[in-house]
Amino acid sequence: MTLDQNMIHQIERNEAWLDAVMPPDPAAPAERTRFRVRIEVNQAWLEQNATTDPTTTSLEQLKRTLHAECEQLAPTARLGARRGSWWVRRIAGVAAAAVIVWAVGLTLFHPQTRLTDGPATLVRLDDWVDALVLDTQESNDEAADLASLEDRLDSLEASLGENAAESRFGWELDDLGDELEALLTELG
Amino acid sequence: MGTVIQSEVVGELKPEPLAAIIERAQRFDPGAFDELVDMFGQRVFGFLHRMVGNREDAEDLLQEVFLRVVRTLPRYTHQGRFEGWIFRIAANLARDRIRRARRSPTIISMSGEQGDPDGRANWDCADPSHISPDQPAIQREQVDHMQAALGQLSAAEREVITLRHYSALSFAEIAEAMETPLGTALARAHRGLAKLRRIMESAP
């Protein structure tokens, strides 16, 4: 037996010993890993298709435009990285645009509105869009997505209602709600 | 282990070949990545846990491994060596983490000692987080003891031993992954295993 063979023989014996005495491992965090991987896969898919798909490219432009508007209006507000299927992003984009228009109007033209209301609304909008997109990523079921969207709309309305000095701006909220409801109906 | 697909023969199930899962993953099919996590996640996690010595870092690194798989898989060419590829990513990330901990050993291990220059920084000897209180005391002792014994090896010895234990890689593949000559990998395994056995068997 050569020296190398002797070494390999000893390694094999010690490996058999290690297999016998190695204690079991803790369970891997599989669910959390799968979830993070799914987000990464969506992002990678979007990035790959953004260069070839004109719809996605337009959405990327829309996202950049909205983001720039938010930056200008409220330096501390961030729309953040939004992910999800293209139609969810379209809904989020339209909803974001509607709320931005409403917030700008409220901030600039209503004499009783504090100037900080606009940025605060954008921060809430940011949270809402992020939560919506995260919810959507957790499920591929369109019905569930729409139900989730409606729930989010309700909570957004409630949140905006509380912060918009009682019900003085109820009509703006109703308009926004109607607009989004129509959009949901159109999407089926 | 692995996924199954419906065979052409009604009622008979057979494993979907890894190559087919990889091909689906390369088209960004999220289901394919779930299957890869199921197939390799536990073993990669075991390897990382033994390498870095604490559960939190191992969990963090496990996610990093699969995120890197997502990013680099489109450029991967499958030639039947996927396991070596994924463990190589895991080994590189674990090595980086150990190196970083060595450069800034600000975290003190549970034993109260700071990291040493041989890759034993942040070694969480006790790490009892995953041991159920219901487990027999002897088993808890065994887990603590193995963690502590592995912590006394050099990072390179630990890497070759744990890679062999958790993956199905040959010494030649491990040497390639560690970018060392085959003789060096064998010597590290020989020396490390002998040391590990001596430590374990000399314990009261």
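Regarding region B:66-82, can at least one residue be identified that is under 11 Å from the mean Cα position of the chain (by Cα) and among the aliphatic types (A, V, I, L, M)?
Checked against the condition, which is being under 11 Å from the mean Cα position of the chain (by Cα) and among the aliphatic types (A, V, I, L, M), region B:66-82 yields no hits at all.
Would you please name the residue that is nearest to residue B:25 (Cα to Cα), looking only at residues in region A:1-14 that are within 8 Å of chain B (Cβ to nearest Cβ) and open to solvent by 60 Å² or more (accessible area, probe 1.4 Å)?
A:8
Can you name the number of the only condition in (1) at pLDDT 90 or above; (2) within 13 Å of chain A (Cβ to nearest Cβ) that residue B:131 fails?
Answer for residue B:131: the failing condition is (1).
Got at least one residue in region B:41-51 being in contact with a helix residue (DSSP H, G or I) (Cβ under 7 Å, 6 or more places away or on another chain), more than 11 Å from every other protein chain (Cβ to nearest Cβ), surrounded by 13 or more Cβ atoms within 10 Å (Cβ to Cβ) and part of a helix (DSSP H, G or I)?
Among the residues of region B:41-51, at least one is in contact with a helix residue (DSSP H, G or I) (Cβ under 7 Å, 6 or more places away or on another chain), more than 11 Å from every other protein chain (Cβ to nearest Cβ), surrounded by 13 or more Cβ atoms within 10 Å (Cβ to Cβ) and part of a helix (DSSP H, G or I), which makes the answer yes.
Name the residues in region A:1-43 that are aromatic (Phe, Trp, Tyr) and under 13 Å from residue B:161 (Cα atoms), would you?
The answer is A:17, and nothing else.
Return yes when residue A:17 is at pLDDT below 85, surrounded by 12 or more Cβ atoms within 10 Å (Cβ to Cβ) and within 7 Å of chain B (Cβ to nearest Cβ) and no when it is not.
No; evaluated as a whole, the condition is false for this residue.
The values are calculated or read from the model by the stated rules, or taken from the named source; none is laboratory data. On a predicted model such as this, the values are computed, not experimentally measured, just so you know. We place every Cβ from the backbone using ideal geometry, glycine too, and count neighbours over all the protein chains shown. In case anyone asks, the SASA skips ligands and DNA or RNA and just uses the protein heavy atoms, side chains included. Shrake-Rupley method; radii C 1.70, N 1.55, O 1.52, S 1.80 Å.
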